Every structure is written in C-alpha cells, then in structure tokens.
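Visitor: This is the structure, below, for whatever I ask next.
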Amino acid sequence: MGHLNRAKWFNVHSWVGVQLSILLCFVLITGTLATVSHEIDWATNKAMRVAPNSVTKMNWQVVYVSATKQSQTQHFSGINQPLENWFAAEVVAYDVDKQRYRMFFHPTTGEYLGEGRWYNWQRFFRMTHRHLMLPVKYGVPIISICAFLLLTSLITSFVVYRHWWKGFLRWPRRQHRKLFWSDMHRLLGAWNIWFILVVSITGIWYLLEVLGVRASYPDRGQVVSQQAKDNRVMPSPEIFLKAMKTAEIEFPDLDIKTVRFPSRKNAPMIFQGQSSAILVRDRANLISFDPMTGKFLTKFRGEQLNATARITEAVDPLHFGTFAGLPSRIVYFIFGFLLSTLAVSGTYMFAMKTSRISHRQVFSQRKVWKSALSKMGFGKWFSYVLIAICLLIALGLFTGLITQ
C-alpha cells in the first residue's frame, strides 16, 4: 500500500515538474540572473564604474548640483546611492521627450561619467522574471503558477524520496546515466529545500498582492508651500542641502540609499534608506520635505509598520536576496543556478523514463527530449507563446519601438 501511495505521489511530482517545465526553467534562469543584473549592467557600461579607492563617501549635494548642470531639463525622478564602492551614483532623469534615462556620477566628487538607457539589463531581468513583460495584473498571476509548482514539487518530494535527509551527503553514483541523474536530482533537491521554500512562498505573496492584499502605510507628508501644491517642484541646490542637514538631525541613524523627487504636484521630496529594522526595503524608512522650502514634513521607521506592511517589505529582500548586499546576492545566484539545474534534471529524468531507453542501450539525446516534449502537451505551447511574447516586448523596449 505504501508503495502504491508513493507511486501516486511520484506521478504528481513528475506532472507538476514537467507540464510547464519550459516556462519554469525560463523563470528560474531569469530570476537567477536578476540577482546579479546590476553587475551585468556595470560590466557592459563603463560609465557605471569608478575606482574603489577614489570613493570616500556619497556626497549627495555634489551629485545633485552636478546633475542639474548636466541635465537639459533638470527634471529628475531620483538619485540612487551606489550599490558597492566600485559603482557610480545614479541619477534617473527625464529628457525633453519626458522619457527616463540614467546619468552616472562619481559619488564623492560629482564628476559626470556618462549616461545609460532606462531600459537596461536590470530592468530586463526584473520585468521578465516578475511578470514576463506583461501587464502586472496578468503577468504576476502567471508567474505565481511557477511558485505553486515549486512548492508542490517540494512537498511531494518528501514522500517520493524515502529518507530524503540522507541526500545531503550522498554523492551521485556513476554506474549509468539514469542512476547518476537520479542521485544528482536528489542531491540538488536536498540542498535547495530552504531556497525553494523562500522563493515559492514569497512568489505566492506577490500573487496575493495582485489579488488585493494591500498593506497600509503611514502618510508620507503633505507639502505646505503653495508652489509645491500647484506644481511639480524640483528643489534648488540650497533647499536640497537644507533638507539633507535636517535629515541628519531629525533621523540621524537613517542610512540614505535613495532620494525621490516629486513626480507630480502636491508631492514631497523623500529620502529613503535603511535604519534599525531588518528585512525591509529602503522605502520602509523615510523622511520627507517640502521641495520648495525644504521644510521637514514627516518621518517613519520600519518598526512602525503594521504586520502586513512588514511582510510586504520583507518579500523583495527575501525573494531576490538583497538583505545582506553582494554576499547574499551571490548565495542566491549560486542556489538559483542549482535550482535551475534541478528543474532541468527533473525533466531529463522524466524524459529518460518515458522514452523507455534502458541504460544498456545506445543513448539517444534526441529521442529522450522528443519524448519529454510529447508528454508536455498544452503546457509546452503555453510556455512557448508566453516566452515569445515576453522576448518580443523586450526586443521592442531595447530597440526603442516600445517606450515606458
């Protein structure tokens, strides 16, 4: 009876791992690359690079003044502190056609280093992995299917693989190909248990957000000057400096990561960053100012957020591994690669089983994968169509045929 139950669970395990395996692998690979997407941009755009030994601190005032001199419109979305000390500071600006682009500056001296497109590799991998370039309300639920598949695969694996905990230290045997990949699949699965739990549960939370689970946040402050009430106002360099000095007094332990400028009328200037709260995005800690006068409006800390907001703020750091900077992102990249390999190996094992090739027979890769594709049915075409649409939209954004 136990054997029959395991057989049923194995069928479930195989089915959820194979039917949408093409889409699942695509999502896993793009998510893995998303963890190091900033580094990919750094490697492909020399304007983002600075000598680490030339950086002492982030001089927000100098960068802002330099940006106002360099920009034709002086219309900025925000300033971002460098991720690491070999990165340039980034100013997101609008051109005369109201399209976003990036300007890069030395974070200490404010020297202008060059520019980059708004739609870069980071945006590509983020948007592909999160919602397949589709509108969020459609793309996120589709991607969340993969989260449910991962979680189901994990749960069923505990039944399918008896004594699964022994898999942590069991090195793959090499007597024949089927045995090797079976052992490899078990080894990768055992070491990825924690990672599958984290990315699948956070992936399901993204779905809940789209379906209506909304966290409430404290008010970000109401502007007081009439000019800021009537128009979108960019602060003068003097007002910007005044706000920076006030932030040091009113919120001394705030490690500012981002400055957000008003995107519409009646909107404040906001400084965001990290403080004492753990596992929160930068926006969980903020202090706001009137952009015309520099008057301090309000502030709040991550610790003050309600339970739903704290969960919401923790989801991104946990899903993408940003909570401990580059070291945690490297760990996520490694385990993301292993999880992608796990998904491929599972499909490969299923293909070898369904192709009914004995390990004593002459091996045919083509026959194995043809068998796997034939068993996918509708899931195969569903994956092909979604990936094709995603890549076509990405091509349009890269070439400028589509604008954001």
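Visitor: Under 8 Å between Cβ atoms, which residue pairs at least 6 apart in sequence (or on different chains) link something in the stretch 148-160 that is touching a residue at least 40 places away in the same chain (Cβ under 8 Å) and assigned by TED's automatic domain parsing to the domain that holds residue 23 with a partner that is hydroxyl-bearing (Ser, Thr, Tyr) and in a helix (DSSP H, G or I)?
Guide: 148/200; 150/200; 151/200; 154/200
Visitor: I'd like the residue in the stretch 155-184 that is aromatic (Phe, Trp, Tyr) and over 28 Å from residue 201 (Cα atoms) and, out of all such residues, is surrounded by the fewest Cβ atoms within 10 Å (Cβ to Cβ).
Guide: Per the criteria, the residue is 171.
Visitor: Which of the residues spanning the stretch 279-296 are surrounded by fewer than 20 Cβ atoms within 10 Å (Cβ to Cβ) and either modelled with pLDDT under 95 or part of a strand (DSSP E or B) (or both)?
Guide: The one that is surrounded by fewer than 20 Cβ atoms within 10 Å (Cβ to Cβ) and either modelled with pLDDT under 95 or part of a strand (DSSP E or B) (or both): 296.
Visitor: Let me ask something else about it. Among (1) acidic (Asp, Glu); (2) outside any helix (DSSP H, G or I); (3) free of Cβ contacts under 8 Å to residues at least 60 places away in the same chain, there is one condition residue 219 misses while meeting the rest; what is its number?
Guide: (3)
Visitor: If you don't mind, there's one more thing I want to ask. Tell me, yes or no, whether the stretch 40-57 has at least one residue that is under 23 Å from the mean Cα position of the chain (by Cα), closer than 23 Å to residue 186 by Cα and touching a residue at least 12 places away in the same chain (Cβ under 8 Å).
Guide: no
Visitor: Another one. Name the single residue that is farthest from residue 387 (Cα to Cα) among those in the stretch 1-39 being touching a residue at least 24 places away in the same chain (Cβ under 8 Å) and of a type in the set (S, T, N, Q).
Guide: 5
Visitor: Please identify the pairs in which a residue from the stretch 112-125 that is without any contact (Cβ under 8 Å) to a residue 24 or more places away in the chain and surrounded by fewer than 17 Cβ atoms within 10 Å (Cβ to Cβ) has its Cβ atom under 8 Å from the Cβ atom of a residue that is not in a helix (DSSP H, G or I) and not polar (S, T, N, Q), counting only partners at least 6 apart or on another chain.
Guide: Going by the 8 Å Cβ cut-off, the qualifying pairs are 117/101; 117/102.
Visitor: Read through the list (1) more than 32 Å from the chain's Cα centre (by Cα); (2) not in a helix (DSSP H, G or I), then give the number of the only condition that residue 242 fails.
Guide: Of (1) more than 32 Å from the chain's Cα centre (by Cα); (2) not in a helix (DSSP H, G or I), only one is false for residue 242: (2).
Visitor: (1) buried (at least 20 other Cβ atoms within 10 Å of the Cβ); (2) within 15 Å of residue 46 (Cα to Cα); (3) among the hydrophobic types (A, V, I, L, M, F, W, C); (4) touching a strand residue (DSSP E or B) at 6+ places or on another chain (Cβ under 7 Å): which one isn't true of residue 87, the others all being true?
Guide: Result: residue 87 fails condition (4) only.
Visitor: Restricting the first residue to the stretch 133-146 and requiring it to be more than 12 Å from residue 203 (Cα to Cα), which pairs with a second residue that is at pLDDT below 95 and in a helix (DSSP H, G or I) meet a Cβ separation below 7 Å and a spacing of at least six or different chains?
Guide: Sorted first by the residue in the stretch 133-146, then by its partner, the pairs are 136/210; 137/210.
Quick grid of which residues meet (1) modelled with pLDDT under 75; (2) touching a Ser or Thr at 6+ places or on another chain (Cβ under 8 Å); (3) over 14 Å from residue 179 (Cα atoms); (4) in the same structural domain as residue 10 (by TED's automatic domain parsing):
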site: 332; (1), (2), (3), (4): no, yes, yes, yes
site: 339; (1), (2), (3), (4): no, yes, yes, yes
site: 345; (1), (2), (3), (4): no, no, no, yes
site: 358; (1), (2), (3), (4): yes, no, no, yes
site: 366; (1), (2), (3), (4): yes, no, yes, yes
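Visitor: Scan the stretch 49-84 for residues that are closer than 19 Å to residue 120 by Cβ and either basic (Lys, Arg) or in the same structural domain as residue 282 (by TED's automatic domain parsing) (or both) and report the count.
Guide: Qualifying residue count, the stretch 49-84: 1.
Visitor: What do you reckon, is residue 34 surrounded by 20 or more Cβ atoms within 10 Å (Cβ to Cβ) and more than 19 Å from residue 260 (Cα to Cα)?
Guide: Yes: the conditions hold for residue 34.
Visitor: Those residues that are of a type outside the set (Asp, Glu), closer than 30 Å to residue 319 by Cα and in contact with a Ser or Thr (Cβ under 9 Å, 6 or more places away or on another chain), I need them from the stretch 269-297; list them, please.
Guide: Of everything in the stretch 269-297, those that are of a type outside the set (Asp, Glu), closer than 30 Å to residue 319 by Cα and in contact with a Ser or Thr (Cβ under 9 Å, 6 or more places away or on another chain) turn out to be 269, 270, 271, 272, 273, 281, 283, 284, 285, 286, 287, 288.
This table checks each residue for (1) under 23 Å from the mean Cα position of the chain (by Cα); (2) over 18 Å from residue 31 (Cβ atoms).
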residue: 286; (1), (2): yes, yes
residue: 297; (1), (2): no, yes
residue: 313; (1), (2): yes, yes
residue: 316; (1), (2): yes, no
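Visitor: Right, here's the next one. Of all residues in the stretch 180-213, which are under 14 Å from residue 142 (Cα atoms) and β-branched (Val, Ile, Thr)?
Guide: 204, 210
Visitor: Please state which one of 335, 350 is in contact (Cβ under 8 Å) with a residue 60 or more places away in the chain, buried (at least 19 other Cβ atoms within 10 Å of the Cβ), in a helix (DSSP H, G or I) and more than 25 Å from the chain's Cα centre (by Cα).
Guide: 350
Visitor: With (1) assigned to a loop (DSSP other than H, G, I, E, B); (2) in contact with a helix residue (DSSP H, G or I) (Cβ under 8 Å, 6 or more places away or on another chain); (3) aliphatic (A, V, I, L, M) as the list, and residue 224 as the residue in question, which single condition is left unmet?
Guide: Unmet for residue 224, out of (1) assigned to a loop (DSSP other than H, G, I, E, B); (2) in contact with a helix residue (DSSP H, G or I) (Cβ under 8 Å, 6 or more places away or on another chain); (3) aliphatic (A, V, I, L, M): (2).
Visitor: Given (1) touching a Lys or Arg at 6+ places or on another chain (Cβ under 6 Å); (2) in contact (Cβ under 8 Å) with a residue 60 or more places away in the chain, identify the lone condition not met by residue 262.
Guide: (2)
The values are calculated or read from the model by the stated rules, or taken from the named source; none is laboratory data. What you see is a predicted model; the values in this text were computed from it and never measured. Virtual Cβ from ideal backbone geometry, glycine too; neighbours counted across all protein chains shown.
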